[in-house]
Amino acid sequence: MTTEIRHTENGESGIFTAWQNDVQVGEMTYLRSGSKGVWNSRGEVVSAGNSECETCCADNNAIKADVASKRFVTEQMVINHTQVFDGYEGQGIARQLVMAAVDFARKEGRKIMPVCSYAKAVLTRTDEYQDVL
């Protein structure tokens with residue numbers, strides 16, 4: 001069965017939806033990060049908007065940033081949720097949603113930070129997607 005992927009972006013967030021015969025069968029949501037930030041090698045935010053900051057607060061715990069692993073991000077998609085609805089599992093729909101996000105990121109010159117465990121597994125284990133991470 002053919003799956004159509006649709007994309008909607010609304011300000012600071014966006015959603016990719018999967019459709020079969022005008023029925024929504026899955027979705028992947030993301031947050032859009034347009035501000036500069038400092039991320040450590042584990043993908044954790046250690047500073048937002050202040051490149052001079054080496055120690056800052058995250059989840060009420062101070063985290064010391066590893067200076068060698070800092071990278072600055074200007075446009076990023078933080079994928080936070082991927083779901084295929086009941087009865088539509090096993091058709092590769094979730095992977096199609098991830099591939100649509102990759103295509104969009106490449107077209108728009110964005111990077112992807114996968115917080116969703118499924119998206120993270122697909123993106124980090126697939127060599128051809130490393131350019132968007």
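Just so you know, all these numbers are worked out from the coordinates, no wet-lab data involved. This one's a predicted model, so the numbers in the text were calculated from it and none came from an experiment. All Cβ positions, glycine included, derive from the backbone under ideal geometry; neighbour counts span all protein chains shown.
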Summed residue charge, Cβ within 12 Å of TYR129's Cβ, Lys/Arg positive, Asp/Glu negative:
+1
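Add +1 for every Lys or Arg and -1 for every Asp or Glu among the other residues with Cβ under 15 Å from the Cβ of GLN24, and state the total. Walk me through the intermediate numbers first.
Details: positive: ARG6; negative: GLU4, ASP22, GLU27, ASP86, GLU89.
That sum, taken over residues with Cβ under 15 Å, equals -4.
For GLN76, what is the net charge nearby, where nearby means another residue's Cβ is under 9 Å from its Cβ and Lys, Arg count +1, Asp, Glu -1? It would help to have the intermediate numbers written out before the result.
On the way: positive: ARG32, ARG110, LYS111; negative: GLU75.
Charge balance in the 9 Å sphere: +2.
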